[in-house]
1. Could you check Leu23 against (1) among the aliphatic types (A, V, I, L, M); (2) more than 11 Å from the chain's Cα centre (by Cα); (3) surrounded by 10 or more Cβ atoms within 10 Å (Cβ to Cβ); (4) farther than 16 Å from Ile69 by Cα and say which number it fails?
2. Pairs, please: C-beta under 9 Å, at least 6 apart or cross-chain, first residue in contact (Cβ under 8 Å) with a residue 40 or more places away in the chain and in the range 34-51, second aliphatic (A, V, I, L, M) and in a strand (DSSP E or B)?
3. Could you count how many residues in the range 1-39 are of a type in the set (S, T, N, Q), over 17 Å from Ser49 (Cα atoms) and assigned to a loop (DSSP other than H, G, I, E, B)?
4. Taking into account only those residues within the range 44-58 that are in a loop (DSSP other than H, G, I, E, B) and within 18 Å of Ala71 (Cα to Cα), which is farthest from the chain's Cα centre (by Cα)?
5. Picking from Gly24, Gly34, Gly43, which residue would you name as being out of contact with any Pro (no Cβ under 9 Å at 6 or more places or on another chain), closer than 27 Å to Gly89 by Cα, small (Gly, Ala, Ser) and at pLDDT 90 or above?
Amino acid sequence: MNRDLMRQAQMLQQKLAKIQEELGNETVEASAGGGAVTVVATGHQKIQSVTISPEVVDPEDVDMLQDLILAATNEVLDKSRDLAASRLGAVTGGFKIPGLM
């Protein structure tokens with residue numbers, strides 16, 4: 001392999017590593033039930049917090065609360081994946097690299 005190509009590959013690898021690290025510090029938020037349940041996740045798809053409004057906690061309707069938590073969690077994970085894809089896609093030019101997105 002020629003040196004210029006190797007240097008470019010190393011630079012790309014460094015940029016990708018930096019973006020991956022930064023994604024761990026970025027957060028996205030999603031809510032369900034008009035804000036009754038809010039979930040925050042990092043750009044690494046790690047849930048940081050779940051907030052539940054006290055008025056939505058009804059022991060007679062646990063199913064509704066579970067559905068709200070599930071909806072907010074799925075939405076925040078979708079947002080987190082989209083964030084990662086947009087940050088990494090800016091460097092890779094949209095080329096999907098296995099294990100990064």
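The values are calculated or read from the model by the stated rules, or taken from the named source; none is laboratory data. Fair warning: this is a prediction, and the values are worked out from it, not measured in the lab. Here the Cβ is made from the backbone with ideal geometry for all residues, glycine too, and neighbour counts use every protein chain on show.
1. Status for Leu23: all satisfied but (2).
2. Sorted first by the residue in the range 34-51, then by its partner, the pairs are Gly43/Val28.
3. Within the range 1-39, the subset of a type in the set (S, T, N, Q) is 2, 8, 10, 13-14, 20, 25, 27, 31, 38.
Still in the list and also over 17 Å from Ser49 (Cα atoms): 2, 8, 10, 13-14, 20.
Filter once more, keeping what is assigned to a loop (DSSP other than H, G, I, E, B): 2.
The number of residues fulfilling the criteria is 1.
4. Within the range 44-58, the first condition is being in a loop (DSSP other than H, G, I, E, B), and the residues that meet it are 44-46, 53, 57-58.
Cutting the leftovers down to within 18 Å of Ala71 (Cα to Cα) gives us 45-46, 53, 57-58.
Working: Gln45: 4, Lys46: 7, Ser53: 23, Val57: 27, Asp58: 30 Å.
The selected residue is Asp58.
5. Working: Gly24 fails: at pLDDT 90 or above; Gly34 fails: closer than 27 Å to Gly89 by Cα.
Going through Gly24, Gly34, Gly43 in turn, the sole match is Gly43.
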